[in-house]
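The values are calculated or read from the model by the stated rules, or taken from the named source; none is laboratory data. These figures come from a predicted structure and were not determined experimentally. As a convention, Cβ positions derive from the backbone with ideal geometry for all residues, glycine included, and neighbour counts pool all protein chains shown.
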Amino acid sequence: MNEKIKQVETQYLNKTLKKMNQSLIDIEAEINRTNKNISDVSKSWGDVRLKTDTYSGIVETAMSVRQQQQMLAERENSKTRAEVRFETLKKQIKKPYFARIDFSESVSDSGEPETIYIGLGSFSDDDNNYYVYDWRAPVASIYYDGGIGDVEYLTPDGSQKAHVTLKRQFQIEDGVIVTLFDTEEAIGDAMLMNALNGESSTKMKSIVTTIQKEQNKIIRNTNADLLFVQGAAGSGKTAAVLQRIAYLLYRYRGKLTSGQVILFSPNQLFNDYIDQVLPELGEQNMVQMTFYQYASRRLPKIAVETLQERFEIDKADSKLSLIKGSLMMFKAVEAYANSLNKHGMKLRSIVFRNEPLIPKERIAEIYYQYNENYKLSQRLEATRDTLMRILSSRLGTEMRKDWVDLEIENLSKQEYDELVGAGRVRMGDNEEADAAAVTRRTQLGQGEQEREFSSEKAERKFLAKQIVTRALKPLAQQIRRGRFLNINAQFVDFMREAHKYIDLSAYGVSDEGWQLHVEQVINNLKNHQLSLADTTIYLYLYDLITGKHGERDIRFLFIDEIQDYTPFQLAFLKFSFPLAKFTVLGDLNQAIFTKDNATHLREDFATLFAPERVENIQLTQTYRSTQQITDFTKEILIDGQNIDAFNRNGEKPVVHIGQSEKELLQLLKVQLQGNAQEQESTAIITKTLADAKSLAQALNDKNVTLIQSENQRLAPGAIIVPSYLAKGLEFDAVIIWHADTTRYTDNSERRLLYTVASRAMHRLTLLSEKNATPLLNNVAKDLYEVR
Ligand SMILES: Nc1ncnc2c1ncn2[C@@H]1O[C@H](COP(=O)(O)OP(=O)(O)OP(=O)(O)O)[C@@H](O)[C@H]1O
């Protein structure tokens, strides 16, 4: 490194550090000051006079309590803001910045070029001198996008030209410049190599210093309503998209919170794996969930098919899966729901004391008395109102009935007191939320109340009203919750009638075949079970009937591993989050659940958006694995030619052949020992959960953690994990258990084998009993070793 340059840069670094340190001291003082203020306000609680005997006294007390609360909240707020600033700066001070660019705003500009430094966050002194710019600032895009010379970058006001004269990268450790070099390209390979050579860990890290040009496009895109990112395993889709979330939170600061961003991820384990990236970037994590969680949470009484069942047990006919997951099916549900505007709504009587109080035929009359322009949701609302009125009108009739007399006679002293004293129940009250109920409760108090009745008749009337009201209350709740709609029956009816709305033969399914399948679905439903595909149909139908408008508060929705979704599920998500912009990431080569059905996914999904608002980005460069591993894994695929390995050297993948499972186990132990010595984190990936369990038992090694559920945590060291849970993760070393004819034979398992093999960063070992899997037949022999 040129000494002169180093000297100048060290000076700048020291100046920055000094300012940062001073700023830390100032912020700390500010926090202490606010702390003191807060404790002063808290102390002054004693001054709040509690006057509760008169109405105006109550109001006055309430006002001063509110003022105190507001003051506290404001101070707490500024304290939290200061604390966040303090924490961010403390983190940043170790590496204040990682790059510098010199540029002039336009080519013709003959003045001194501007110099800016780029880091995790912006830092300026009290006089507004910027020492460091946030990596997300528009101008910082120059650093990621191009080399020296003329460049163009996007600002909120449009495109801006600049002429770059210098790009310098730094490695700063604990306030000292370790290395520094100038580069003419976007992000120097040396820098990238350095970042990639690190050990894997159980937590993903941010890639802010080495974001690649293509990734930068993903990160800063604000135009597309649907941004579709297709990229090979390890091409940095997930990494880029997490940076993108941080970018969006910066770009729309004040208008967008992390609670308005949802990431749908493949499984819980993956959630755990990526949950440090945003905090590392100084942002709060977005909402993370799996589609299973999203769907099953809405149907608490039904056991929705789990990930493992979906992968291992759900061997449903692929033609049927294709139909149920199709956009045609989505449209069929819509058409069916539309038909319900005329007839066919399945209803339930409202039953009281084992008799239909309002028979379903009557409900149907009410439901269909509104004219044809009513939408399903309006129909439901109007029916609800009418039913509530009918229920109220039944009060008088019921009060005169014998059962009421009997209940009055049988009242215990305590029950009597409760009824007479409380007078709390009123039909239709939603006790917690209803303001009227709250007021009444406060007026009457909670204790016993003496009440005088003018006559026995008046007493009976009062009691009867209380008793009937109490008895009818659950019915009022049923009506409010729309329990008179029989959604289960409606779903079954739709499935039976589906052939009228969708051309089954286009999918090669006969009417009989379909009906047979529907009977199976009905049986499952009787046992409170549904597959994920059926659950989605169920929920969509439910939402159409009840007029749900979806979550309008969510602005950005991310879906990772999109190839494992069906077009139906995606359309359902679009319907459920109508105002969200979608960013979806996928690798069709890793479709392990939907297999071939994933092929048209992109086209199908894109039809739901305006064509000019759809953008596609393809990532072909992979970063995770060594050249040797990437070259090997891509040949497992039939069409893996679009995958470029990053030029990083390592050993060739090794296939170990053993003659028996016992021998495989022995080979595994040796391999594990070797990996452990080199401190490589290792994942032994089995095909199924059963395999994972029995292997853990056979291995009986307390240093190896069995991951059998997605709710577990990733452990450092070695783990055994079933294939479907390894999605999206990466490890220094991967050992594929039983990479032979017993597990990986069928062509349809090619993508699975590719998915698990591509988890490896530096070392890949396949253990095969007797023969290696035939899926390696097309892989050039010089790309791996056989032992
Ligand atoms: N620009 C980059 N600089 C440094 N590391 C990167 C960069 N891009 C990606 N990586 C690293 O490459 C690895 C793979 O990235 P990531 O997991 O995002 O890939 P992916 O496309 O989501 O893969 P998969 O489809 O297999 O889940 C990660 O360790 C990530 O940190």
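Just for region 204-220: of the residues that are closer than 23 Å to GLY650 by Cα and out of contact with any helix residue (DSSP H, G or I) (no Cβ under 6 Å at 6 or more places or on another chain), which one is modelled with the lowest pLDDT?
So, considering only residues that are closer than 23 Å to GLY650 by Cα and out of contact with any helix residue (DSSP H, G or I) (no Cβ under 6 Å at 6 or more places or on another chain), the one modelled with the lowest pLDDT is LYS205.
Inspect all residues belonging to region 531-546 and state whether any of them is assigned to a loop (DSSP other than H, G, I, E, B) and not assigned by the TED database to the domain that holds ILE302. I'd like the intermediate steps shown before the answer.
Within region 531-546, the first condition is being assigned to a loop (DSSP other than H, G, I, E, B), and the residues that meet it are 531.
Imposing the further condition that a residue be not assigned by the TED database to the domain that holds ILE302 reduces the set to 531.
Yes, region 531-546 contains a residue that is assigned to a loop (DSSP other than H, G, I, E, B) and not assigned by the TED database to the domain that holds ILE302.
If we scan region 741-761, do we find a residue that is of a type in the set (Asp, Glu), modelled with pLDDT under 85 and not in a strand (DSSP E or B)?
Taking region 741-761 first, the residues of a type in the set (Asp, Glu) are 746, 749.
Those left that are additionally modelled with pLDDT under 85: 746, 749.
When the remaining residues are screened for being not in a strand (DSSP E or B), the result is 746, 749.
For region 741-761, residues of a type in the set (Asp, Glu), modelled with pLDDT under 85 and not in a strand (DSSP E or B): present.
Would you check which residues across region 245-260 are farther than 17 Å from PHE577 by Cβ and either in a helix (DSSP H, G or I) or touching a His at 6+ places or on another chain (Cβ under 7 Å) (or both) and list them?
Listed by number, the residues that qualify are ALA246, TYR247, LEU249, TYR250, ARG251.
Looking at this structure, is ILE720 β-branched (Val, Ile, Thr) and within 16 Å of the ligand (Cβ to nearest atom)? Outline the logic, then answer.
Details: β-branched (Val, Ile, Thr): yes; within 16 Å of the ligand (Cβ to nearest atom): no.
So ILE720 does not fit the description; no.
What pairs come out if I take residues in region 200-229 that are outside the structural domain of TYR143 (by the TED database) and pair them with residues that are basic (Lys, Arg) and near the ligand (Cβ under 10 Å from one of its atoms) whose C-beta lies under 6 Å away, six or more apart or interchain?
Listed by first residue and then by second, the contacts come to VAL229/LYS237.
Tell me which residues, restricted to region 218-244, are part of a helix (DSSP H, G or I) and either more than 7 Å from the ligand (Cβ to nearest atom) or among the β-branched types (Val, Ile, Thr) (or both).
First, the residues of region 218-244 that are part of a helix (DSSP H, G or I): 218-220, 237-244.
Correct list: ILE218, ILE219, ARG220, THR238, VAL241, LEU242, GLN243, ARG244.
Checking LEU419 against (1) modelled with pLDDT under 85; (2) in a loop (DSSP other than H, G, I, E, B), only one condition comes out false. Which one?
(2)
Would you be able to say whether some residue in region 32-44 is among the basic types (Lys, Arg), modelled with pLDDT of 85 or more, within 42 Å of the chain's Cα centre (by Cα) and in the same structural domain as PHE123 (by the TED database)?
Taking region 32-44 first, the residues among the basic types (Lys, Arg) are 33, 36, 43.
From the residues that got through so far, the ones that are modelled with pLDDT of 85 or more too are none.
No, there is no match, as no residue in region 32-44 is among the basic types (Lys, Arg), modelled with pLDDT of 85 or more, within 42 Å of the chain's Cα centre (by Cα) and in the same structural domain as PHE123 (by the TED database).
Over 17 Å from PHE330 (Cβ atoms), surrounded by fewer than 21 Cβ atoms within 10 Å (Cβ to Cβ) and among the hydrophobic types (A, V, I, L, M, F, W, C): does that describe LEU516?
Working: over 17 Å from PHE330 (Cβ atoms): yes; surrounded by fewer than 21 Cβ atoms within 10 Å (Cβ to Cβ): yes; among the hydrophobic types (A, V, I, L, M, F, W, C): yes.
Yes: the conditions hold for LEU516.
Is it the case, given these coordinates, that LYS727 is within 16 Å of the ligand (Cβ to nearest atom) and in a loop (DSSP other than H, G, I, E, B)? Please lay out each step first, then the result.
On the way: within 16 Å of the ligand (Cβ to nearest atom): yes; in a loop (DSSP other than H, G, I, E, B): yes.
Here the answer is yes, as LYS727 does meet what is asked.
Could you give me the residue pairs with C-beta distances under 6 Å whose first residue belongs to region 537-552 and is farther than 19 Å from PHE582 by Cβ, whose second residue is among the aliphatic types (A, V, I, L, M) and surrounded by fewer than 16 Cβ atoms within 10 Å (Cβ to Cβ) wherever it lies, and which are 6+ apart or on separate chains?
none
If I ask for residues that are among the β-branched types (Val, Ile, Thr) and touching a Leu at 6+ places or on another chain (Cβ under 8 Å), which ones from region 523-565 would you list?
Kept after step one, since they are among the β-branched types (Val, Ile, Thr), are these residues of region 523-565: 535-537, 545-546, 554, 559, 562.
If the condition is that a residue be among the β-branched types (Val, Ile, Thr) and touching a Leu at 6+ places or on another chain (Cβ under 8 Å), then THR535, ILE545, THR546, ILE554, ILE559, ILE562 are the ones that fit.
Which of the numbered conditions does TYR273 fail, given that it passes all the others? Conditions: (1) part of a helix (DSSP H, G or I); (2) surrounded by fewer than 20 Cβ atoms within 10 Å (Cβ to Cβ).
(2)
Out of the residues in region 695-712 that are closer than 18 Å to GLN268 by Cβ and touching a strand residue (DSSP E or B) at 6+ places or on another chain (Cβ under 9 Å), state the one that is surrounded by the most Cβ atoms within 10 Å (Cβ to Cβ). Explain how you work it out, then say what you get.
As a first pass, look at region 695-712 and keep what is closer than 18 Å to GLN268 by Cβ: 705-712.
Still in the running and touching a strand residue (DSSP E or B) at 6+ places or on another chain (Cβ under 9 Å): 705-708, 712.
Working: THR705: 18, LEU706: 20, ILE707: 22, GLN708: 17, GLN712: 16.
Going through the qualifying residues, I end up with ILE707.
Which numbered condition in (1) farther than 15 Å from PHE632 by Cα; (2) of a type outside the set (Phe, Trp, Tyr); (3) in contact with a His (Cβ under 9 Å, 6 or more places away or on another chain) is the only one that LEU766 fails?
Going through the list (1) farther than 15 Å from PHE632 by Cα; (2) of a type outside the set (Phe, Trp, Tyr); (3) in contact with a His (Cβ under 9 Å, 6 or more places away or on another chain), LEU766 breaks only (1).
Answer yes or no: is there a residue in region 501-518 that is within 25 Å of LEU347 (Cα to Cα) and among the charged types (D, E, K, R).
no
Restricting to region 248-270, name every residue that is farther than 29 Å from TYR724 by Cα and either in the same structural domain as VAL756 (by the TED database) or surrounded by 22 or more Cβ atoms within 10 Å (Cβ to Cβ) (or both).
Applying the first criterion (farther than 29 Å from TYR724 by Cα) to region 248-270 yields 248-257.
Residues satisfying the conditions are LEU248, LEU249.
Residue-wise test of (1) crowded, with 18+ Cβ neighbours inside 10 Å; (2) more than 16 Å from the ligand (Cβ to nearest atom); (3) under 16 Å from LEU263 (Cα atoms).
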residue	(1), (2), (3)
LEU530	yes, yes, no
ASP534	yes, yes, no
THR566	yes, yes, no
LEU570	yes, yes, yes
LEU579	no, yes, yes
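Go through (1) part of a helix (DSSP H, G or I); (2) under 28 Å from LEU539 (Cβ atoms) for GLU398 and report which single condition fails.
(2)
When you go through GLU114, GLU60 one by one, which is the residue that is in the same structural domain as VAL139 (by the TED database) and modelled with pLDDT under 80? Give the derivation first.
Values: GLU114 fails: modelled with pLDDT under 80.
Exactly one of GLU114, GLU60 is in the same structural domain as VAL139 (by the TED database) and modelled with pLDDT under 80, namely GLU60.
For region 368-390, name all the residues that are farther than 11 Å from LEU485 by Cβ and either assigned to a helix (DSSP H, G or I) or touching a residue at least 40 places away in the same chain (Cβ under 8 Å) (or both). Walk me through how you get there before you give the answer.
Just the residues of region 368-390 that are farther than 11 Å from LEU485 by Cβ, to begin with: 368-375, 377-378, 381-382, 385-390.
Correct list: TYR368, LYS375, SER377, GLN378, GLU381, ALA382, ASP385, THR386, LEU387, MET388, ARG389, ILE390.
Condition check ((1) within 22 Å of THR210 (Cα to Cα); (2) within 16 Å of the ligand (Cβ to nearest atom); (3) touching a strand residue (DSSP E or B) at 6+ places or on another chain (Cβ under 7 Å); (4) touching a residue at least 40 places away in the same chain (Cβ under 8 Å)) across all residues:
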position: GLN621; (1), (2), (3), (4): yes, yes, yes, yes
position: ARG624; (1), (2), (3), (4): yes, yes, yes, yes
position: GLN627; (1), (2), (3), (4): yes, yes, no, no
position: GLU635; (1), (2), (3), (4): no, no, no, yes
position: ILE643; (1), (2), (3), (4): yes, yes, no, yes
position: ASN647; (1), (2), (3), (4): yes, yes, no, yes
position: LYS652; (1), (2), (3), (4): no, no, yes, yes
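When only residues in region 206-217 that are part of a loop (DSSP other than H, G, I, E, B) and within 6 Å of the ligand (Cβ to nearest atom) count, which is farthest from LYS167 (Cα to Cα)? Before the answer, list the steps.
The initial filter retains those residues of region 206-217 that are part of a loop (DSSP other than H, G, I, E, B), namely 206-212.
Within this subset, residues satisfying the condition of being within 6 Å of the ligand (Cβ to nearest atom) are 207, 210-212.
On the way: ILE207: 18, THR210: 13, ILE211: 15, GLN212: 15 Å.
Taking the candidates together, the pick is ILE207.
So which residues in region 683-717 are among the β-branched types (Val, Ile, Thr) and within 16 Å of the ligand (Cβ to nearest atom), if there are any at all?
Pass one, region 683-717, residues among the β-branched types (Val, Ile, Thr): 684-686, 688, 704-705, 707.
The answer is ILE685, and nothing else.
How about region 742-763: which of its residues are touching a Pro at 6+ places or on another chain (Cβ under 9 Å), closer than 10 Å to ILE636 by Cβ and either basic (Lys, Arg) or away from the ligand (no atom under 16 Å from the Cβ) (or both)?
Kept after step one, since they are touching a Pro at 6+ places or on another chain (Cβ under 9 Å), are these residues of region 742-763: 744-745, 757, 760, 763.
Filter again for closer than 10 Å to ILE636 by Cβ, leaving 744, 757.
Selection gives TYR744 alone.
Please verify whether ARG787 is of a type in the set (Lys, Arg), at pLDDT below 85 and within 16 Å of the ligand (Cβ to nearest atom), treating the condition exactly as stated. So that I can check it myself, show each step before the final result.
Numbers: of a type in the set (Lys, Arg): yes; at pLDDT below 85: yes; within 16 Å of the ligand (Cβ to nearest atom): no.
The answer is no for ARG787.
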